[in-house]
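**Student:** My questions all concern the structure below.
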Amino acid sequence: MPCEIITLQLGQCGNQIGFEFWKKLCLEHGVNPEGQLESFAKEGVDRKDVFFYQADDEHYIPRAVLLDLEPRVINTILTSRYSKLYNPENVYLSQDGGGAGNNWAAGYGRGTGLHEEIFDIIDREAEGSDSLEGFVLCHSIAGGTGSGLGSYLLEKLTDRFPKKLIQTYSVFPNQDEISDVVVQPYNSLLTLRRLTQSADCVVVLDNTALNRIAVDRLHIENPSFAQINSLVSTIMSVSTATLRYPSYMNNDLIGLISPLIPTPRLHFLMTGYTPLSSEQEATSIRKTTVLDVMRRLLQPKNMMVSTAHDRNAQQRYISILNIIQVNSS
C-alpha cells in the first residue's frame, strides 16, 4: 500500500513551484490537465496514489492544499488549463486579499486567526488518506506568507500530527541581488528557527545558485521566474521518483530521508542535478555513463546551493543519495 503525502503550497513562491511540480507529475504519470488518465498510461506500475487520489468519476486529483493571503498567483492557477485538476475545496484565499506585506510577523499573526479554516482543509485531506505518511511544504523563507504563515503551520502540524513526517522545499533568497524587502533577513532567520525545530527534512533551494545555473549552465541571459521554477520542479519530481515508482528500496519517505540525516537537527539537504538542459536542448543530450553522472553530481556548479568551494580544505559529504533515471525506450 502506498504511503500518501499531502502537499501544502504557501504564498506566491510556494504556489508557483507547486504548480510546476504538479505539471511535471501529470506529464510523468500520463494524467491530462483535466485529471483524466491517458490511454497509454493505464498499464503502468507507477504509484499515482502517493500524490494523487481518484475521485468518484475516476479523475485523478492532487493531494494538494493551496494557501495564500493574496489571490493573484492562485487565481492564475485556477484560470490555467490545469484549473480542473485541483479540488476547489482545497484552495484557501484570505477574504481581504491583502497579503502579509512581506512581513514574517504579519503572516504568522494571520495564521493564528485562520487556524480553524486552514486545518479544516488539512484534516479533511488527511482523513481521506488510507496510510498518510507525511506532508511536503513548498514555500519561500524570505517573504511574508511563505515564511510567517509557513512557520505557524510547521509548529501546528508538528503538534497535530506528531507521528507524521514533515519535509519542506524551502526557497532561500538570492544573495547577489539587493532586495526591495528590507526585512528579508529577519524573515529568513525567524523561519530558519522553525525549520530547524519543526521540520524533519528541509531541501534547500538557493535562488543564488538557481540563477547562476540558469545563466552559466543553461545560457539564459535573464532567467524568468517560470524558468527558475521549472528547475525547482525538476528537483522535486526527481527527488520523489522512488516514492512513485516501485523499487527494492527508498519506497517511502522515511526510507528516503533517514539515511541522509545523521542527527535530528542536521536535516538541511543539498541537491544537485545533471545533465542540465533547456527545453530547446533536451533532445540533444549526449550519451553518458553512470560513473560520469555520479562524478558530475558532486561538482559545485551542479549544486542547487551556493557553497564556498575550497580545493585545499578537507571537505566531506556525510551522506549521499543518488537517484539515477534512464530512458527505457
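The values are calculated or read from the model by the stated rules, or taken from the named source; none is laboratory data. This is a predicted model, so every value here is computed, not measured. For neighbour counting, all protein chains shown are included, and Cβ atoms are generated from backbone atoms with ideal geometry for every residue, glycine included. Surface accessibility is based on the protein's heavy atoms, side chains included, excluding ligands, DNA and RNA. Shrake-Rupley method; radii C 1.70, N 1.55, O 1.52, S 1.80 Å.
**Student:** Which value in nm describes the separation of the simple spin-label points at Arg160 and Val45, placed 7 Å from the Cα toward the beta carbon?
**Tutor:** 3.8
**Student:** Per 20 Å bin from zero, what fraction in whole % of the C-alpha pairs of the chain is there, up to the bin with the longest pair?
**Tutor:** 31, 62, 8, 0
**Student:** Show me the three semi-axes of the equivalent ellipsoid for the range 133-202, from the C-alpha gyration tensor (sqrt of 5 times each eigenvalue), largest first, rounded to whole Å. Mind showing how you got there, number by number?
**Tutor:** Working: eigenvalues 114, 24, 15 Å².
Sorted largest first and rounded, they come to 24, 11, 9 Å.
**Student:** Let me ask something else. Taking +1 at the Cβ of each Lys and Arg and -1 at the Cβ of each Asp and Glu, which of Pro275, Ile220, Thr263 sits farthest along the dipole of the range 211-281 towards its positive end, judged by Cα position relative to the Cα centre?
**Tutor:** Looking along the dipole axis, the top candidate is Thr263.
**Student:** On to the next question. When the helix-only estimate is applied to the chain (DSSP H runs of n ≥ 4, each -39,500 (n - 2.57), divided by the residue count), what is the mean residue ellipticity at 222 nm, nearest 500 deg cm²/dmol? Working shown, then result.
**Tutor:** Details: 11 runs with 113 residues, N = 329.
Calculated mean residue ellipticity at 222 nm is -10000 deg cm²/dmol.
**Student:** OK, next. So which DSSP H runs in the chain come out at 24 Å plus along the axis (Cα) with average Kyte-Doolittle of at least -0.5?
**Tutor:** Details: long enough: 11-29 (26 Å, -0.42).
Span-like helices, by this rule, are 11-29.
**Student:** If Lys24, Lys163 are ordered by their accessible area, calculated over protein heavy atoms with a 1.4 Å probe, which sequence runs from highest to lowest?
**Tutor:** Details: Lys24 55, Lys163 190 Å².
Sorted descending by solvent-accessible area, the residues read Lys163, Lys24.
**Student:** So how much slack lies between Leu321 and Ile61, counting 0.36 nm per residue of separation and subtracting their Cα-Cα distance, in nm? Provide the component values of the computation, followed by the final result.
**Tutor:** Working: separation 260, 0.36 × 260 = 93.60 nm, distance 2.98 nm.
Separation in residues times 0.36 nm, less the Cα-Cα distance, equals 90.6 nm.
**Student:** Which whole-Hz couplings ³J(HN,Hα) result when phi for each residue of the range 87-101 is put into the Karplus expression 6.51 cos²θ - 1.76 cosθ + 1.60, θ = phi - 60°, listed in order with x for Gly and Pro?
**Tutor:** Result, rounded to whole Hz: 7, x, 6, 9, 10, 10, 10, 4, 5, 7, x, x, x, 9, x.
**Student:** Taking the Cα centre of the range 53-212 as the origin and placing charges on Cβ (Lys, Arg +1; Asp, Glu -1), which of Gly109, His59, Ile141 is farthest toward the positive end of the dipole?
**Tutor:** Ile141
**Student:** Residues of the range 20-170: accessible area per residue at 1.4 Å, in Å²?
**Tutor:** Values: 6630 Å² over 151 residues.
Computed with neighbouring chains in place, this is 44 Å² per residue.
**Student:** Another question, if that's okay. Past 26 Å, Cα to Cα: identify those pairs from Lys24/Lys287; Lys24/Lys84; Lys42/Lys287; Lys24/Lys301; Lys48/Lys164; Lys42/Lys84, in the order given. Please list the in-between numbers first.
**Tutor:** On the way: Lys24/Lys287 23 Å; Lys24/Lys84 16 Å; Lys42/Lys287 30 Å; Lys24/Lys301 24 Å; Lys48/Lys164 20 Å; Lys42/Lys84 20 Å.
In this structure, Lys42/Lys287 exceed 26 Å between Cα atoms.
**Student:** Any idea what Rg and Dmax come out to for the range 219-265 if you just take the C-alpha atoms, in Å?
**Tutor:** 15.0, 42
**Student:** So how strong a dipole does the chain carry about its Cα centre when Lys and Arg Cβ are +1 and Asp and Glu Cβ are -1, to the nearest 20 debye? Could you put the intermediate results ahead of the total?
**Tutor:** Details: 28 positive and 37 negative charges, 255 e Å.
The calculation lands at about 1220 debye.
**Student:** If you don't mind, another one. At a 1.4 Å probe radius, which order do Tyr60, Tyr169, Tyr108 fall into by accessible area, largest first?
**Tutor:** Details: Tyr60 25, Tyr169 5, Tyr108 55 Å².
Ranked from most to least accessible, the order is Tyr108, Tyr60, Tyr169.
**Student:** Just the accessible area per residue of the range 222-267, please: how many Å² with a 1.4 Å probe?
**Tutor:** Working: 2150 Å² over 46 residues.
That works out to 47 Å² for each residue.
**Student:** I've got another one for you. Using θ = phi - 60° and the Karplus curve 6.51 cos²θ - 1.76 cosθ + 1.60, what whole-Hz ³J(HN,Hα) does each residue of the range 30-43 get, with Gly and Pro shown as x?
**Tutor:** In residue order, the calculated couplings are x, 9, 7, x, 8, x, 8, 7, 5, 4, 6, 9, 6, 9 Hz.
**Student:** Give the shape of the range 159-261 as rounded, prolate or oblate, defined through the alpha-carbon gyration tensor: a ≥ b ≥ c are the square roots of its eigenvalues, a/c under 1.5 means rounded, and otherwise the shape is prolate if a/b is larger than b/c and oblate if not.
**Tutor:** Working: a/c = 3.06, a/b = 1.30, b/c = 2.35.
Note, shape of the range 159-261 comes out oblate.
**Student:** In addition: What is the gain in length, in nm to one decimal, between Gln314 and Lys84 on full extension, counting 0.36 nm per residue of separation less the C-alpha to C-alpha distance? Display every interim value, and only then the final one.
**Tutor:** Numbers: separation 230, 0.36 × 230 = 82.80 nm, distance 5.22 nm.
Extra length from Gln314 to Lys84 when fully extended: 77.6 nm.
**Student:** Moving on to the next point. I'd like the carbon and sulfur percentage of the solvent accessible area for the chain, probe radius 1.4 Å, heavy atoms only, ligands and nucleic acids excluded.
**Tutor:** Here carbon and sulfur together make up 51 percent of the probe-accessible area.
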